[in-house]
Each structure stands twice: as C-alpha cells, then as structure tokens.
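Note sheet for the following structure.
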Amino acid sequence: MRALVTGASGFIGSHLVDQLIADGHLVTALIRESSRLHWLKNKPVKLVTGDVRQLESLQMAVEHQDVIFHVAGAILSPDTRGFEQTNHFGSENMMEAIITYNPDVQKVVYVSSLAAGGPTLPERPIKESDDPNPISAYGRTKLAGEEVVLSYVDRLNVVVIRPPVVYGPRDRGVLNFFRLVAKGVKLNLGFRERYLSIIHVTDLVSALVLAGLNRDSSGSYYVDDGTSGWTWLDLQHHIAHAMETTARTFRVPLTPLFIYAALSTASQRFFHSRGWINLDKFREMVQRAWLCDSSRIQNQLGYKPSVSIEKGMKNTAEWYRKIGWL
Ligand SMILES: NC(=O)c1ccc[n+]([C@@H]2O[C@H](COP(=O)([O-])OP(=O)(O)OC[C@H]3O[C@@H](n4cnc5c(N)ncnc54)[C@H](OP(=O)(O)O)[C@@H]3O)[C@@H](O)[C@H]2O)c1
C-alpha cells in the first residue's frame, strides 16, 4: 500500500510512519521547509514539502496514494486564528487536494481529538453518538476539521479518530509531568479530582492503521487505553512508579493559575509565541473529566489496546532518560 502521512515530523505522525514502514508499506511524508526531520532521518520514506494552509502545495503529496492519514494539526497557538488556519482550513485544503488529484483514494483517516467532543462528567465517558460540545478554540477547530472531512463522505471513503491525551516516546506534552515528578512534585488542580482518558502512542498508531486498512471503517471513533480512565494523581503515581521515585502532592489553587494563564495569553499574543499554558488550555485543564469510551472501535474494527499504563509509563520514562530529556 502507498500511504501519505501529514504531520509526519511530529510525535504521532512519526510513530505512524515507523509502523507503516515496519508493515512493509510505501510511505510518503508531508513535511514543511521548517520541519525538524529528527524522527524521519535515515528511514525509507519519501519526503514531500508542503503546507496544509496552501492548497497548491499539496498536489504532489496526495496524488498516487492508496491511503491518506491526515495527522497534521496545530496543538498550541496564541490565538484562534492559528488553530483555524491549520485545523479547519488546512483540512479543507487537504480534502480539496484529495478530491482534485486523487479522487480514487481508498481511505482518508483524519486524526481529530477528544477535545472536539468536549469534556464529560466523571461517571459518563463520551461516546460517538453524543453531541459534540468543544469548549476551547483548539477543540472547536478540530471539530470544524472533522465536519469538513465527513462532508466528503458521499465522494470519498473517510474516517475520523478522536484520541484523548496521547503519551509515549517523543512526546513533549506529558513530559512536563515526568519532569515535575523527577523533582519530587505531583500536582493536583484545585480541591476536586479530575479524570482523564489516555492512550499510548503505540496503541493509537495501531488504531489508525486499522481504520486506514479496514474498508468498513466509517464515521468517527474514540480510542483509549481500554480502562475507565485515570485521575491526575493516578497518572503521576504511575509516572513516579515508572521512574522508581517518590513525589509529594501539591495542590495548585485555580485563581493564581488563571491569572498566570491570562498573563501568558497576553504575552504569547504580543510576542507571537507558544507556551504550555494560556486561557484556552486553562479552560481545558480545569474541567472535571475528559473521558471517552472506545467500545465502538473495539467492537467494529477489533481494536485491542495492548499497552498497560505500567508498561507505557516505563517505556516512556526509559526513552526520556536515554535521549536526555529527563
Ligand atoms: N498529542 C496528543 O495528546 C493529541 C491528542 C489528541 C489529538 N491529537 C492530534 O494529533 C495530531 C498530531 O499531534 P502531535 O501530538 O503529533 O503534534 P506535533 O508533535 O506538534 O505534530 C504536529 C505535526 O503537524 C505538522 N503541521 C502543523 N502545521 C502544519 C501545516 N500548516 N502544514 C503541514 N504540517 C503541519 C507539524 O509539522 P512541523 O514539524 O513542521 O511543525 C507536525 O509534524 C494533531 O492533529 C493533534 O490535534 C494529539
């Protein structure tokens, strides 16, 4: 199979490229002039330069592909426009390029996010049949991207995957928690427990490949590690265990964090920079729960999560240490 991966220089995309190569597929990677190619170096992958914000740059990448994995996305942006340009209009450009230059493509897989579905109650994980209710600019633009992709359903074979927090080697998001735990610190927000679904990148990649190769995959699917989710403290406990260390819990009151997030937002807008927190991320962080139910993909496509939290955190901690990020 010939497969295109957009976002191939990033955390999830690069793991997907590795898996597709290992499975014997011919892989093309969409990269930007500015992309760091660290994870793609010395691999049998065809590099094509393009930017999803520029429709005319996408022809070479999309033509002659059997399956297209649209992974590229903006996760951090100082303003809504940055998210919109990549997640919404970038997906529009991708779909327009595909219908124009490769209308016979077998499958288009779009990597969306649980953020498109929105937060949940601790006792009720979200399902595909629930109405989406995104609460951040990131989530709203990921949902807009999904709507664009799914609007081609009469003309192209499309499918959407909505992962929760993804962790594993090469990830810089959850890395912040590993670094705090290494300093002996576990954080809890406010005075209530907060719950999260998670997935190891190996499991996410297997779900993406499954959705890409199965002719019957359709609509959208939540994916997770097959558990009912974790509290923030559970996760940090597992990180500490994986690092064979101990850490004390500190409660972060919400008001100072809100003020910090507001100041960071102003500074990021002024300097056109990206930071780990802003008001959009704050809004996501303070929700009681971000839980999803992956029964649909398990029942319909036979997805089986294989990486337990113990194994996943250990493999991530070991990789961070090996590369010097910890
Ligand atoms: N990580 C998570 O926990 C998580 C959870 C749910 C969903 N997702 C989704 O998964 C996807 C990948 O996330 P990630 O964690 O791998 O993020 P990442 O490491 O930041 O990778 C993002 C990738 O998208 C590419 N990209 C961004 N803007 C682009 C543009 N205008 N044109 C072409 N390529 C562009 C980046 O290229 P450069 O290298 O050139 O910047 C990079 O390869 C995103 O769509 C995200 O919304 C992630």
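The values are calculated or read from the model by the stated rules, or taken from the named source; none is laboratory data. Note that the coordinates shown come from a computational prediction; the quantities given were computed from them, not determined experimentally. Note that we place each Cβ from the backbone using ideal geometry, even for glycine, and neighbour counts take in every protein chain shown. Only protein heavy atoms, including side chains, enter the accessible area calculation; ligands, DNA and RNA are left aside. Shrake-Rupley method; radii C 1.70, N 1.55, O 1.52, S 1.80 Å.
Observations on the structure shown:
- Some residue of the range 129-145 being loosely packed, with under 15 Cβ neighbours inside 10 Å and either at pLDDT below 95 or within 12 Å of the ligand (Cβ to nearest atom) (or both): no
- Filtering the range 284-319 to residues that are among the β-branched types (V, I, T) and part of a loop (DSSP other than H, G, I, E, B) leaves V286, V307.
- Within the range 20-35, the only residue that satisfies the criterion of being more than 7 Å from the ligand (Cβ to nearest atom), within 27 Å of F83 (Cβ to Cβ) and either open to solvent by 60 Å² or more (accessible area, probe 1.4 Å) or acidic (D, E) (or both) is E33.
- Residues (open to solvent by 30 Å² or more (accessible area, probe 1.4 Å), outside any helix (DSSP H, G or I) and not basic (K, R)) located in the range 36-65: L37, H38, W39, N42, P44, L47, T49, Q54, E63, H64
- Note on the range 172-215: among residues that are of a type in the set (K, R) and surrounded by fewer than 16 Cβ atoms within 10 Å (Cβ to Cβ), the one that is nearest to the ligand (Cβ to nearest atom) is R172.
- T80 surrounded by fewer than 18 Cβ atoms within 10 Å (Cβ to Cβ), among the hydroxyl-bearing types (S, T, Y) and closer than 26 Å to G173 by Cα: yes
- Contacts under 7 angstrom Cβ, first residue in the range 160-182 being at pLDDT 95 or above and part of a strand (DSSP E or B), partner within 7 Å of the ligand (Cβ to nearest atom) and among the aliphatic types (A, V, I, L, M), 6 or more apart: I161/V111; R162/L114; V166/I12
- The listed residue being closer than 25 Å to A182 by Cα, open to solvent by 50 Å² or more (accessible area, probe 1.4 Å) and part of a helix (DSSP H, G or I), out of K322, K281: K322
- Identity of the residue in the range 46-70, hydrophobic (A, V, I, L, M, F, W, C) and more than 21 Å from A207 (Cα to Cα), that ends up nearest to the ligand (Cβ to nearest atom): V52
- Check on R269, over 27 Å from S129 (Cα atoms) and touching a residue at least 40 places away in the same chain (Cβ under 8 Å): yes
- Extreme residue, farthest from the ligand (Cβ to nearest atom), among residues of the range 89-104 that are open to solvent by 40 Å² or more (accessible area, probe 1.4 Å) and not β-branched (V, I, T): D104
- Candidates G13, G73, filtered to the one that is within 14 Å of the ligand (Cβ to nearest atom), of a type outside the set (S, T, Y) and within 30 Å of L263 (Cα to Cα): G73
- Residue within the range 230-253 that is touching a helix residue (DSSP H, G or I) at 6+ places or on another chain (Cβ under 7 Å) and surrounded by fewer than 13 Cβ atoms within 10 Å (Cβ to Cβ) present: yes
- Filter result for Y260 (modelled with pLDDT under 95 and hydroxyl-bearing (S, T, Y)): yes
- Residue satisfying all of: in the range 1-11; open to solvent by 30 Å² or more (accessible area, probe 1.4 Å) and not in a loop (DSSP other than H, G, I, E, B); farthest from P163 (Cα to Cα) among these: R2
- F11 falls short on exactly one of the conditions (1) over 26 Å from G168 (Cα atoms); (2) aromatic (F, W, Y); (3) out of contact with any helix residue (DSSP H, G or I) (no Cβ under 6 Å at 6 or more places or on another chain), and that condition is (1).
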